[in-house]
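Visitor: Sharing a structure here in structure tokens format.
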Amino acid sequence: MNTGKLNRRITIVTKGAMTPTTIGGFTEGVGSTKTTWCSARQLSMAESLSYGLETAIATFRFSFLYYAVDEVTRIKELTFEGRTFRIVSVENVDEVKNVITLIANERK
């Protein structure tokens, strides 16, 4: 990946663990965030259909620098340009070039 294409900021959000309260509910613990540079491209409707995704919501392909300690999973969220995205699938992990490519849907 050409690092010059990584021209936008993205935040990887890890939510805190849910702990039970004494009154029967749950409280979310403190999570963590990591901000990095990415390239982002919204998928066309044809691409969304070929992946079997909903076409009524925005779907993006994100590529960003990745290191094994980051551990990107589907339970994490992405924040991009003030919008929140849910990771749908990890498309490619290039461990030699430290780049990950994934598909994410906008959360409403």
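Only the coordinates and a few stated rules stand behind these numbers; no lab work does. What you see is a predicted model; the values in this text were computed from it and never measured. Virtual Cβ from ideal backbone geometry, glycine too; neighbours counted across all protein chains shown.
Visitor: Under the 0.36 nm per residue contour assumption, what length would be gained going from the current alpha-carbon distance of GLU71 and THR35 to full extension? All intermediate terms of the calculation are to be shown ahead of the outcome.
Guide: Details: separation 36, 0.36 × 36 = 12.96 nm, distance 1.40 nm.
Full extension of this stretch gives 11.6 nm more.
Visitor: OK, next. Please arrange ILE23, ILE87 by how many other C-beta atoms lie within 10 Å of their C-beta, fewest to most. Mind dumping the intermediate values first?
Guide: Details: ILE23 5, ILE87 18.
So the residues, fewest neighbours to most, are ILE23, ILE87.
Visitor: To continue, here is another question. If I model a spin label at GLU54 and LYS108 as a point 7 Å from the Cα along the Cα→Cβ vector, what separation in nanometres do I get?
Guide: Using points 7 Å along Cα→Cβ, the separation is 0.6 nm.
Visitor: Restrict the search to region 1-99; then list the trypsin sites (Lys or Arg not before Pro) that DSSP places in a loop and that have at most 12 other Cβ atoms within 10 Å of their Cβ.
Guide: Working: sites: LYS5, ARG8, ARG9, LYS15, LYS34, ARG41, ARG61, ARG74, LYS76, ARG83, ARG86, LYS97; in loops: LYS15, ARG74, LYS76, LYS97.
For trypsin sites (Lys or Arg not before Pro) across region 1-99 that sit outside H, G, I, E and B with at most 12 neighbouring Cβ atoms in 10 Å, the list reads ARG74, LYS97.
Visitor: Candidates [x] 24; [y] 37; [z] 32; which is the computed percent of Cα pairs over 22 Å apart?
Guide: Here the calculated entry is [y].
Visitor: Taking GluC sites (Glu not before Pro) that fall in a DSSP loop and have at most 15 other Cβ atoms within 10 Å as cut points, what is the longest piece of the chain between them? Walk me through the numbers before you get to the answer.
Guide: Details: sites that count: GLU54, GLU71, GLU81, GLU95.
Segment 1-53 is the longest.
Visitor: What FRET efficiency comes out for SER89 versus LYS15 if R0 is 30 angstrom and r is the Cβ-Cβ distance? Round to the nearest 0.05.
Guide: Numbers: r = 19 Å, r/R0 = 0.64.
So, using R0 = 30 Å, E works out to roughly 0.95.
Visitor: In region 33-75, what chymotrypsin sites (Phe, Trp or Tyr not before Pro) fall in a loop by DSSP, with at most 12 other Cβ atoms inside 10 Å?
Guide: Numbers: sites: TRP37, TYR51, PHE60, PHE62, PHE64, TYR66, TYR67; in loops: TYR51, TYR66, TYR67.
Passing both the DSSP loop test and the Cβ count: TYR67.
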